[in-house]
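Scroll down for the structure; my scribbles are underneath it.
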Amino acid sequence: MREIVLSIVVIAVFQTGFCQKMIYPQVCPGEEVLLPGKVDVSGSLLLPKHVQQGQPVPAFIFISGSGDFSYRSHFHTEADYTYCKELADLMLERGYAVFFLEKRGINHGGGNWRKAGFKEYAADAARVIHYLKQRPEIDPTQIGLMGHSQGGYIAQLVAAENSDDVALLINMVGPAQRVHQQVLFDMRNQYSCRGLEGRKLKFKMNMLKISLAVIKTSSHVIKPIFLSHVIRHDPAKYIPRIQCPILTVYAENDYMVDDISNTHLMTELLWNNNENHWIYTIEGVNHQFLRSELCYNWNEIDKTVHPELFNLINNWLDTIHQTSSASK
């Protein structure tokens, strides 16, 4: 128990020293947007090349996952992993605008991502939706969301809370499980990949369960670390309320998100509430949709995003378009 308390205190002290972090701030993939407010919302808007006056285009808002990250890192000239850029290229080619939402505390994004929960992030995304609806280039009835990992949690929440404003949802390795279940799965795999097994693994997992219980209980009163803000999040409260078409893509060798359990749970939560859902698992890829085993060394794997991800998105959008055209 002493080890657990010390760990939480050390993390809390470290995070109180957080300041604005700059990640490739000089990289501007599109039009830079800043929405002033109590917490400034920042991002980049990319428009298709041939946007004609009087013919607004549909749009997607991209919401990234956890940690210190900026989509800009995928757009700089020396990037070896270009996931966000490839997603943008796909959408722009199809005639969609793309808004990349900067995280709180990153570059020009206000606040601190460690000191807010999913509801606050969802409010940021909702502000972007409102902003895009005012842009003459954007079709206000065709604004969708793309969320990756923890961004999937947020996108689910935004879609549920803003059903009249969200037309489509692409959920990429966004869990349907509660946060504490996802953390347990993630850390067990991390420990195993480090070589822990038997009693040592069991001890580590027991300590983790106690730590999560302490964080969850104390989160009613104090939130010293990021996990305190999200540990109680349960997607089951939101996913059944999503009304727009959903594409969910999981990864077979994802050590962070359990593709099997989440596929079953996502299907169960949507089955009687939303007929327009597609759930797929891409074999042989990890959390970043790169080919790898469950345990891998980032520096030793090919950074090419598996083309099946883009094929699934393309096919899904084609199906949505055909269904929409047939119903008119």
- Is one or more of the residues making up the stretch 224-239 touching an Asp or Glu at 6+ places or on another chain (Cβ under 8 Å) and closer than 30 Å to residue 318 by Cβ? yes
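Condition (residue is hydrophobic (A, V, I, L, M, F, W, C), over 30 Å from residue 161 (Cβ atoms) and assigned to a loop (DSSP other than H, G, I, E, B)) applied to the stretch 212-230: is it met by at least one residue?
No, there is no match, as no residue in the stretch 212-230 is hydrophobic (A, V, I, L, M, F, W, C), over 30 Å from residue 161 (Cβ atoms) and assigned to a loop (DSSP other than H, G, I, E, B).
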- Note on the structure: The condition of being of a type in the set (S, T, N, Q) and without any contact (Cβ under 8 Å) to a residue 60 or more places away in the chain holds, among 262, 206, only for 206
- Message: Which numbered condition in (1) closer than 29 Å to residue 283 by Cα; (2) surrounded by 14 or more Cβ atoms within 10 Å (Cβ to Cβ) is the only one that residue 202 fails?
- Response: (2)
- Item | In the stretch 101-146, the residues that are of a type outside the set (Ser, Thr, Tyr), closer than 22 Å to residue 225 by Cβ and not in a loop (DSSP other than H, G, I, E, B) | 106, 113, 114, 115, 118, 119, 120, 122, 123, 124
- By residue number, the members of the stretch 239-273 that are aromatic (Phe, Trp, Tyr) and surrounded by fewer than 21 Cβ atoms within 10 Å (Cβ to Cβ) are 271
- Item | the stretch 53-90, residues that are hydrophobic (A, V, I, L, M, F, W, C), in a helix (DSSP H, G or I) and touching a residue at least 24 places away in the same chain (Cβ under 8 Å) | 87, 88, 90
- Query: Filter the stretch 91-100 for residues that are part of a loop (DSSP other than H, G, I, E, B) and not small (Gly, Ala, Ser); which is farthest from residue 168 (Cα to Cα)?
  - Reply: 94
- Message: Among the residues of the stretch 235-254, are any of a type in the set (Lys, Arg), within 19 Å of the chain's Cα centre (by Cα) and over 30 Å from residue 85 (Cβ atoms)?
- Response: yes
- In the stretch 302-328, what count of residues is obtained for those that are assigned to a loop (DSSP other than H, G, I, E, B) and either exposed (fewer than 15 other Cβ atoms within 10 Å of the Cβ) or touching a Cys at 6+ places or on another chain (Cβ under 6 Å) (or both)? 4
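Can you find even one residue in the stretch 263-272 that is touching a helix residue (DSSP H, G or I) at 6+ places or on another chain (Cβ under 6 Å) and more than 23 Å from residue 187 (Cβ to Cβ)?
Keep residues of the stretch 263-272 that are touching a helix residue (DSSP H, G or I) at 6+ places or on another chain (Cβ under 6 Å), which gives 269.
So of that shortlist, the ones also more than 23 Å from residue 187 (Cβ to Cβ) come out as 269.
Checked the stretch 263-272: at least one residue is touching a helix residue (DSSP H, G or I) at 6+ places or on another chain (Cβ under 6 Å) and more than 23 Å from residue 187 (Cβ to Cβ).
Yes/no matrix, rows are residues, columns are (1) modelled with pLDDT under 95; (2) touching a Gly at 6+ places or on another chain (Cβ under 8 Å):
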{"position": "67", "(1), (2)": "yes, no"}
{"position": "75", "(1), (2)": "no, no"}
{"position": "87", "(1), (2)": "no, no"}
{"position": "93", "(1), (2)": "no, no"}
{"position": "107", "(1), (2)": "no, no"}
{"position": "123", "(1), (2)": "no, no"}
{"position": "127", "(1), (2)": "no, yes"}
{"position": "135", "(1), (2)": "no, no"}
- The condition from (1) among the acidic types (Asp, Glu); (2) modelled with pLDDT under 95; (3) not in a helix (DSSP H, G or I) that residue 32 misses is numbered (2)
- Please verify whether the stretch 197-211 includes one or more residues that are out of contact with any helix residue (DSSP H, G or I) (no Cβ under 6 Å at 6 or more places or on another chain) and under 23 Å from residue 140 (Cα atoms). no
- When you look at residue 223, is it touching a residue at least 12 places away in the same chain (Cβ under 8 Å), surrounded by 19 or more Cβ atoms within 10 Å (Cβ to Cβ) and over 30 Å from residue 283 (Cα atoms), yes or no? yes
- Filtering the stretch 91-132 down to residues that are in contact (Cβ under 8 Å) with a residue 12 or more places away in the chain and among the small types (Gly, Ala, Ser) yields 95, 97, 105, 109, 110, 111, 116, 117, 122, 125, 126
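The values are calculated or read from the model by the stated rules, or taken from the named source; none is laboratory data. Bear in mind the structure is a predicted one, so any value in this text is a computation, not a measurement. All Cβ positions, even for glycine, are placed from backbone atoms using ideal geometry, and neighbour counts span all protein chains on display.
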